[in-house]
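One structure is given here, and the rest of the page talks about it.
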Amino acid sequence: MAKENAIGIDLGTTYSCVAVWENGRAEVIINSVGGRTTPSCVAFTKTERLIGNAAAVELARHPKSTIHNIKRMMGRAYNDPLVQENKENGMWPFMVVNKNGSPVVRVTMEQQHQQQQQQQQEFSPEEISAMILGYLKTTAEEYLQQRPVENCVITVPAYFNHVQRTATTDAAIIAGLHVLETLNEPTAAALAYGVDYQHRNKGKTNNHVLIFDFGGGTFDVSVLKIGPDGIAVQATGGDSKLGGEDINQNMVAHFMQQIQHHHDVDISSNPKSVQRLRDACERVKRTLSSAMQTNFDLINFFGNDKDLTMELTRATFDYINKSTFEKTLSITKSTLLDAAMDKSEINDILLVGGSSRIPKIRQLIQDYFGKAPNQSVNPDEVVACGAAIQASILINIGDPIDLETRLVLHEVTPLSLGVRIIGDAMCTQIKRNTPIPTKTTQRYRTTSDNQVSIQFDIYQGEREQASENTLVGSVTLDGFHPSRRGRSMADVTFEINASGLLTIQLKNLDTQTTNEIAINNTQNLSKKQVKTMIETAAIFKARDDLFRKNRDARFALEAYAYKVRDFAMDELMETSTSKQGLIRATTKVMDWVQSHPNEAKAEYEGRKRNLEQVVKTYHINI
Amino acid sequence: MKLQYNGGNLKDDQATLESLGILPYSVIVVSGDQVLNEQVQQTASGNEEEVGCLSRIRKIMAESQPLLSRVSYLEQQQQQQQQQQGDGMDAAQQQATKDELLYISEVLMRALLALDGVECPSSFTTARQERRQTVHFCQDLLDRVDGLKSWAQQQQQKL
């Protein structure tokens, strides 16, 4: 029996990465254009659907039909303040509409063949994510020599709630993947790191590790405990809108001010100039991670042959980003506070995300903790590698090394869970960052005279005012004997099992009857919806396959025509009739291909056979 | 110059060998163009790197050059239409023109950004001169495309 493979997927906000356990180590799989990471981007053009690098290129040209930043929408309601805020801030230049309370992306597509008319199509965040996952799946299959790959571990941010995790799993199902586990991103990073770590420091137990994840658009901090029997998440914190983009924005603002000062020109109204400046800032930022000083010149920036020449030292760079950098440190501090730990208890600091390469960040961390952060892993790939390690453990492949270091994962609840009580107050039953499985019971009393039933609204979140949090379920317990307020009581038990499923048991103490609910979220897709989406994905795949077949046939025809022409040009006598005949025939074919780029496969193949016939008539062997 | 390992380009300058999975006896492919002596002598600085800059600039130029004829063609169309003063284009034609203009301006903008990314120290006068010319070429063309864009806009409003 062929050995079953399982892949690890880091489905990121801006970039995604896929890795597999091979030859005793996690290996990042390179995509079709040679990238080790793939932009989390899907574009719908006139003729085809593009995913990854090809889609990212379309971003500037077709902003309305190039879908990106979809992770910020996953598992959220349309009225979620974050969705509304992102929508207003122009995070999504494409159309986001409300469909039964959930946000969906609306794309206008032009049909090439069937009907020459525009057609609108709607996609849920799950479907878009499924397209990215499908691309990664294909990438893995090609690397593993077309073995079908179905089993995978997908990482999610530690703060993702049940709904968001289920949405991620649904996306995988639509893409034809079987999710072995949704793993917390910091845990995955620790895993990639922990395997190395435990090898080097055998015998040491109970290490605390801080994961500092500073990416393109988000910042996350997590504190983990690596014990002899596993990894436990102690606390998480972060800012979902803090990242490398902010650093670029600070730099652009700085240079604009300088330009205003020295040249007395306001360039903010000229999008082309701003774009050139923004592009230069990204380069300067990268250079300053290794150089102390750099300069750039933008030719004819002001017109009239006047150039812009600017210089930036690392010191100035650090100064203009001071508040951004310090914000990461203050979030780190408050996360330590959440974990009830002192900074001296942290044994190691692990860096994740591209922005963690900035020297000042590393220095701030070093100054605060009194020790240098660990830099032995590539921050862009570490999460996917951790997922691949976990996947290999779950399906039991690999060599004795990973058996020896097999880790049991203890997850924690990402957000507090509680019940709304009188005055819209939140009565928290399970605090956030509680290791799971866990179980707590609390007693509630009636709040008015002769009350015969109590409605329990279950909320998830950290706000004091219950209605500010996310409502995850609602259940009514009735059958109380009419009596004075506060005389009737009910016990409510919250239980989270090892796989993170929340069940709530209610007990009427008057009658001793019980009622139990499992939290099913209305935000998540129903089974039927998932099924329809799988079917839609299949249709898309069929369309893509057809397109690819047609395109391959076109390439084959073109390649053959060029080959014949080259042969005729190079090998045949100038005056021979065969030369002229062949050149005429190939030119005709090439002109036709130019004007018919989207014909059916059979059409191209037919033309190729015709050309082969022509070649045959001249008794030439090519 | 590119470093390749295991079929992928190595992009992270700061990565450790360990994190990239490079072990003893691993094979790393270095790919780049070989510089000829004559080419070096043609540059002002006599530095091999300047040849590299020049070849990058010329490659960008080669990609933008063909756009010139496409812009000229559109301008001819514009003139013809203004002379005739008559009926405009139909909707499909308009859409095609709009798409073409968007495409051209996008390619030119990308060329411009790529040119900004070619780092030429001040001693590389040959490369700098060439870069300056190419930037001007792209910018002039972009201005012409902008002119055509507003014309296309007017046409659409007429319909």
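The values are calculated or read from the model by the stated rules, or taken from the named source; none is laboratory data. Fair warning: this is a prediction, and the values are worked out from it, not measured in the lab. Counting neighbours? That spans all protein chains shown, and the Cβs are built from the backbone with ideal geometry, glycine included. For accessibility, only protein heavy atoms count, side chains too; no ligands or nucleic acids. Shrake-Rupley method; radii C 1.70, N 1.55, O 1.52, S 1.80 Å.
Structure above, values below:
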{"quantity": "Residue match in region A:595-604 (condition: more than 30 Å from A:M131 (Cα to Cα) and out of contact with any His (no Cβ under 8 Å at 6 or more places or on another chain))", "calculated": "yes"}
{"quantity": "Candidates A:N5, A:N23, filtered to the one that is at pLDDT below 90 and at positive phi", "calculated": "A:N23"}
{"quantity": "Unmet requirement for A:Q257, which otherwise passes all of (1) in contact with a strand residue (DSSP E or B) (Cβ under 8 Å, 6 or more places away or on another chain); (2) modelled with pLDDT of 90 or more; (3) farther than 30 Å from A:F160 by Cβ", "calculated": "(1)"}
{"quantity": "Lone unmet requirement of (1) open to solvent by less than 10 Å² (accessible area, probe 1.4 Å); (2) assigned to a helix (DSSP H, G or I) for A:L224", "calculated": "(2)"}
{"quantity": "In region A:231-262, the residues that are open to solvent by 40 Å² or more (accessible area, probe 1.4 Å) and in a helix (DSSP H, G or I)", "calculated": "A:E245, A:D246, A:Q249, A:N250, A:A253, A:M256, A:Q257, A:Q258, A:Q260, A:H261, A:H262"}
{"quantity": "Test for B:A91: is it among the hydrophobic types (A, V, I, L, M, F, W, C) and either at pLDDT below 85 or on the phi > 0 side of the Ramachandran plot (or both)", "calculated": "yes"}
{"quantity": "Near pairs, Cβ below 6 angstrom, 6+ apart or cross-chain, from region A:24-48 (within 11 Å of another protein chain (Cβ to nearest Cβ)) to any residue that is open to solvent by 30 Å² or more (accessible area, probe 1.4 Å) and modelled with pLDDT of 90 or more", "calculated": "A:T37/A:Y15"}
{"quantity": "Strands (runs of 3 or more DSSP E) wholly inside region A:1-95 that include at least 1 residues being within 27 Å of A:A387 (Cβ to Cβ) and out of contact with any helix residue (DSSP H, G or I) (no Cβ under 8 Å at 6 or more places or on another chain)", "calculated": "A:15-22, A:25-28"}
{"quantity": "Tally, over region B:133-149, of residues that are modelled with pLDDT under 90, open to solvent by 20 Å² or more (accessible area, probe 1.4 Å) and away from chain A (no Cβ under 12 Å)", "calculated": "2"}
{"quantity": "Residues satisfying the stated conditions in region A:15-48, i.e. out of contact with any strand residue (DSSP E or B) (no Cβ under 7 Å at 6 or more places or on another chain), more than 25 Å from B:L3 (Cα to Cα) and open to solvent by 40 Å² or more (accessible area, probe 1.4 Å)", "calculated": "A:T47, A:E48"}
{"quantity": "Positions within region A:279-292 being outside any helix (DSSP H, G or I) and touching a helix residue (DSSP H, G or I) at 6+ places or on another chain (Cβ under 7 Å), in sequence order", "calculated": "A:L288, A:S289, A:M292"}
{"quantity": "Residues located in region A:411-442, provided they are of a type in the set (G, A, S), modelled with pLDDT under 80 and over 16 Å from A:T236 (Cα atoms)", "calculated": "A:G423, A:A425"}
{"quantity": "Hey, A:N53 in contact (Cβ under 8 Å) with a residue 12 or more places away in the chain, within 14 Å of another protein chain (Cβ to nearest Cβ), under 21 Å from A:A172 (Cα atoms) and open to solvent by 20 Å² or more (accessible area, probe 1.4 Å) or not", "calculated": "yes"}
{"quantity": "Counted residues, region B:122-132 - those being within 10 Å of another protein chain (Cβ to nearest Cβ) and open to solvent by 40 Å² or more (accessible area, probe 1.4 Å)", "calculated": "3"}
{"quantity": "Residue match in region A:269-278 (condition: surrounded by 18 or more Cβ atoms within 10 Å (Cβ to Cβ), more than 14 Å from chain B (Cβ to nearest Cβ) and assigned to a helix (DSSP H, G or I))", "calculated": "no"}
